[in-house]
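Worksheet: one structure, shown below.
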Amino acid sequence: LQQTFAEQYEPIISVTVGDDKETLTTSVLSGKVFIWSLATDSLTRSFTPSSILEGPEDSIRASATDRQGQLIASSGWGGAILLQHLQSGKVIKIPSNSLASGQALVVLPKGQAVVSSNSNGKFQIWDAKTGSLVKVFPNAAKEALEPISTMALNRSGTVLVSGSWYGSIVLWDLATGRMMK
């Protein structure tokens with residue numbers, strides 16, 4: 001054990017180490033975000049993106065940060081997604097438009113887009129600057145999956161890896177939306 005960061009007193013739902021390898025960003029269940037300096041082992045900033053927390057059903061379900069630490073995406077249990085640009089302070093709320101609530105999130109490299117999964121096994125790609133829907137996949141019925149519990153991207157952001165609640169791990173071509181493996 002090298003260091004324990006003890007200022008968080010509730011379940012942690014996401015952890016991201018920045019490309020600089022000196023910044024750690026964590027999110028907790030209530031939605032509070034902590035930004036840590038690994039070089040000094042200290043908390044540098046914390047905040048709560050409160051506009052997503054409109055009621056008890058909309059506490060944070062998932063959270064993700066780009067590796068540059070510029071964008072934090074959070075999803076609530078009610079299905080809304082909040083995009084918070086840390087440099088400008090701009091906040092974009094994507095309202096829930098589906099009965100299939102958001103399960104997991106991942107932010108593409110450089111924060112240009114966010115991928116969300118739904119309980120119906122589909123993925124949505126959202127433009128991070130506008131909050132508009134760019135793409136939904138898979139389109140083929142044979143590629144429909146179980147609810148997704150976690151997602152990750154390869155370093156270049158071209159392959160999405162999804163893990164389901166039932167144990168499936170699938171690789172997706174993010175450009176085409178097709179299942180690779």
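The values are calculated or read from the model by the stated rules, or taken from the named source; none is laboratory data. Quick caveat: nothing in here was measured; it's all calculated off a predicted structure. Neighbour counts run over all protein chains shown; Cβ positions are idealised from the backbone, glycine included. All accessible areas refer to the heavy atoms of the entire protein, side chains included, with ligands and DNA or RNA removed. Shrake-Rupley method; radii C 1.70, N 1.55, O 1.52, S 1.80 Å.
Would you please name the residue that is nearest to THR65 (Cα to Cα), looking only at residues in the stretch 1-27 that are in a loop (DSSP other than H, G, I, E, B) and small (Gly, Ala, Ser)?
Looking at the filtered set, the residue picked out is GLY18.
Examine the stretch 25-33 for a residue that is in contact with a helix residue (DSSP H, G or I) (Cβ under 9 Å, 6 or more places away or on another chain) and either closer than 25 Å to SER96 by Cβ or at pLDDT below 80 (or both), and state whether such a residue exists.
Yes.
Only residues that are within 23 Å of ASP19 (Cβ to Cβ) and either basic (Lys, Arg) or open to solvent by 20 Å² or more (accessible area, probe 1.4 Å) (or both): list them for the stretch 152-166, please.
ALA152, LEU153, ASN154, ARG155, SER156, THR158, VAL159, VAL161
Checking VAL114 against (1) open to solvent by less than 10 Å² (accessible area, probe 1.4 Å); (2) at pLDDT 90 or above; (3) in a loop (DSSP other than H, G, I, E, B), which test does it fail?
For VAL114, the failing item is (3).
Can we say ALA39 is modelled with pLDDT under 80, farther than 29 Å from LEU133 by Cα, among the hydrophobic types (A, V, I, L, M, F, W, C) and in a loop (DSSP other than H, G, I, E, B)?
no
Kindly list, by first and then second residue, each pair from a residue in the stretch 5-16 that is more than 13 Å from LEU43 (Cβ to Cβ) to a residue that is among the charged types (D, E, K, R), limited to pairs with Cβ atoms under 9 Å and residues at least 6 apart or on different chains.
Here the result reads GLU10/LYS32; ILE13/ARG61; THR16/ASP66; THR16/ARG67, each pair linking the stretch 5-16 to a residue that is among the charged types (D, E, K, R).
Taking the stretch 64-103 as the region of interest, how many residues are modelled with pLDDT of 80 or more and either acidic (Asp, Glu) or outside any loop (DSSP other than H, G, I, E, B) (or both)?
The total comes to 17.
Considering only residues that are over 17 Å from SER74 (Cβ atoms), among the small types (Gly, Ala, Ser) and modelled with pLDDT of 85 or more, which ones fall in the stretch 117-151?
Passing the criteria: only SER132.
Restricting to the stretch 57-97, name every residue that is surrounded by fewer than 16 Cβ atoms within 10 Å (Cβ to Cβ) and within 19 Å of ILE35 (Cβ to Cβ).
Correct list: HIS85, GLN87, SER88, GLY89, LYS90, VAL91.
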